[in-house]
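Worksheet for the structure shown next.
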Amino acid sequence: MPSFKEFGLSPAMASNLEQLGFEQPTEIQAKALPPCLAKKDVIAMAQTGSGKTAAFGIGLIEHLNPRLFAVQGLVLCPTRELADQVAKALRELARARDNVKILTLCGGVSIGPRLALSAWCSHRGGYARAYSGSPAQGNPEPGPGKHRGPG
């Protein structure tokens, strides 16, 4: 099994992974990290607790440009709980990087406080670089006589 040092990670990420207790990549991380770090699309499946979030999160965080004030990453999750869990993990992975903000947006939750947080980040010299979120919870169909949008 390779070590994280073999992936050519930034010194900040390598140090952070060491502080977080990451010693060796899991199987999914060893397979997914090289293409993620090469900015390739990856489709992967592994058991719960196998390190999937770090497998894509390390690549996502490594490619963020803190000088670019724009959204640079988007992670879609099927549930609010998973979106919160992924956002927490991404924040831990990004904690050694300056000026990286992770914002969670979920359906069924008022967007006002989230937009206020995003605005607050931008006034403090930051901007949400990556978003983790889920679609609205509940019935995905609009119901009889109702329309999803124009057309």
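Bear in mind these aren't lab numbers, they're just calculated from the coordinates by the rules spelled out. Small disclaimer: the values here were computed from a predicted structure and weren't measured. As a convention, Cβ positions derive from the backbone with ideal geometry for all residues, glycine included, and neighbour counts pool all protein chains shown.
Structure above, values below:
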{"read-out": "Reach of K39 by Cα under 17 Å, taken over lysines that are not fewer than 8 positions away in the same chain", "value": "K31, K52"}
{"read-out": "Sorted peptide list for 39-46, 92-99, 5-12, criterion being average Cβ within 10 angstrom, highest first", "value": "92-99, 5-12, 39-46"}
{"read-out": "Amide H partners (placed H, <5 Å) of K101, local residues excluded", "value": "Y127, R129, A130"}
{"read-out": "3J(HN,Hα) from dihedral phi, region 58-65, Karplus parametrisation 6.51/-1.76/1.60, rounded to Hz, x for glycine, proline", "value": "4, x, 4, 5, 4, 9, 6, 10"}
{"read-out": "Mean separation of Cα contacts under 8 Å (6+ apart) over length of region 57-105, as relative contact order %", "value": "40"}
{"read-out": "Cβ-based net charge around F4, under 9 Å, with every Lys or Arg adding one and every Asp or Glu removing one", "value": "-2"}
